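The structure appears below as structure tokens.
The values are calculated or read from the model by the stated rules, or taken from the named source; none is laboratory data. The structure displayed is predicted, hence computed values, not measured ones. No Cβ is skipped: glycine too gets one built from the backbone with ideal geometry, and neighbour counts run over all protein chains shown. SASA here: full protein model, heavy atoms, side chains in, ligands and nucleic acids out. Shrake-Rupley method; radii C 1.70, N 1.55, O 1.52, S 1.80 Å.
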Amino acid sequence: MPVNALSVKHLSVRYGNHEVIHGMTFSVPAGQIVAITGANGSGKSTLLKAILNIIPSTGEVTVFGKTKPNWDWETLSYVPQRIAIQPGVQSTVLEVVCSGALTAGRLFFPRKVKEIANSKLAEVEMEHRLHSPFNQLSGGQQQRVLIARSLMRSPELLLMDEPLSGIDLKSAQNLAQLVGNLKAQGKTVIMVLHELGALEKVLDRVIRIKDGQIIADKTQWKPGELDD
Ligand SMILES: Nc1ncnc2c1ncn2[C@@H]1O[C@H](COP(=O)(O)OP(=O)(O)OP(=O)(O)O)[C@@H](O)[C@H]1O
Ligand SMILES: [Mg+2]
């Protein structure tokens, strides 16, 4: 039986009295590249945050057979939709990317971390901005640096919330190639997307959600059929 990278059972999330995810159940086999699509406010970011335990939820979430929160956090990585950078903090691109190597159990940067950070930045074509202050980059450039950061621990399961937002066509094509490389390495990638765009060719499956429920789950589709 194929191993599931992710298994979600009866997942519900409420903000106060308002339930925004209604008992979702789905699983993602290891090695699959999945897009989650849906209109603004349909619950895509909430779903990712609930999977990651960033916000409370009910139901069960299992990553490579281990139930939340007792899983191996090093297997997972996340690129959020929006980032809150402290206005006074002037972290360089290198510092932001290196911080992706930190985990609760590993408080010191491993040796060679700068070398690894350099290679991850090269994968998103941002190595030339190594020493720039992160908050002086454009939105699309920041997004690419955060993708490099998420790759630092070579995760088995990567969750990305709208990685194409603010990204130009060339960078989107570059991201498609990067995801294609991850796929070739057997990694599992789940991405929230508004448009499948340049990533369409690397996708194995599209899950569409509406008002906190799955309304379509397809492994085959016509070009453009699933774009918002
Ligand atoms: N912190 C919060 N407190 C209360 N309600 C929230 C909170 N975050 C999100 N919501 C609500 O939950 C619903 C789902 O929001 P969510 O951010 O998950 O949508 P989304 O599908 O990611 O939308 P978008 O495409 O705009 O990113 C929306 O109705 C939103 O208003
Ligand atoms: Mg969102």
**Fraction of accessible area attributable to carbon and sulfur, segment 1-75 (%, probe 1.4 Å)** = 53
**Request:** Take the Cβ-Cβ distance between residue 14 and residue 114 as r, set R0 to 41 Å, and report the resulting FRET efficiency rounded to the nearest 0.05.
**Result:** 0.40
**With every protein chain in place, segment 122-219: carbon and sulfur % of accessible area (1.4 Å)** = 45
**Item:** Selection from 28, 159, 97, by position along the positive dipole direction of the chain (Cβ)
**Value:** 97
**Request:** Treating only the Cβ atoms of Lys and Arg (+1) and Asp and Glu (-1) as charged, compute the dipole magnitude of the chain about its Cα centre; round to the nearest 20 debye.
**Result:** 440
**Item:** Candidate residues 33, 55: accessible-area rank, largest first, probe 1.4 Å
**Value:** 55, 33
**Fill in**
With DSSP loop assignment and no more than 13 other C-beta atoms within 10 Å, the GluC sites (Glu not before Pro) in segment 164-228 are 225
**Request:** Kindly provide the helix-only [θ] at 222 nm of the chain, computed as the sum of -39,500 (n - 2.57) over DSSP H runs of four or more divided by all residues, to the nearest 500 deg cm²/dmol?
**Result:** -7000 deg cm²/dmol
**Request:** Would you kindly state how much longer the chain becomes between residue 74 and residue 210 on full extension, computed as 0.36 nm times their sequence separation minus their alpha carbon distance, in nm to one decimal?
**Result:** 45.9 nm
**Diffusion coefficient, µm² s⁻¹, Stokes-Einstein with Kirkwood Rh over alpha-carbon pairs of the chain at 10 °C and 1.306 mPa s** = 88
**Fill in**
Lys and Arg at +1, Asp and Glu at -1: neighbours of residue 91 with Cβ under 15 Å from its Cβ sum to +2
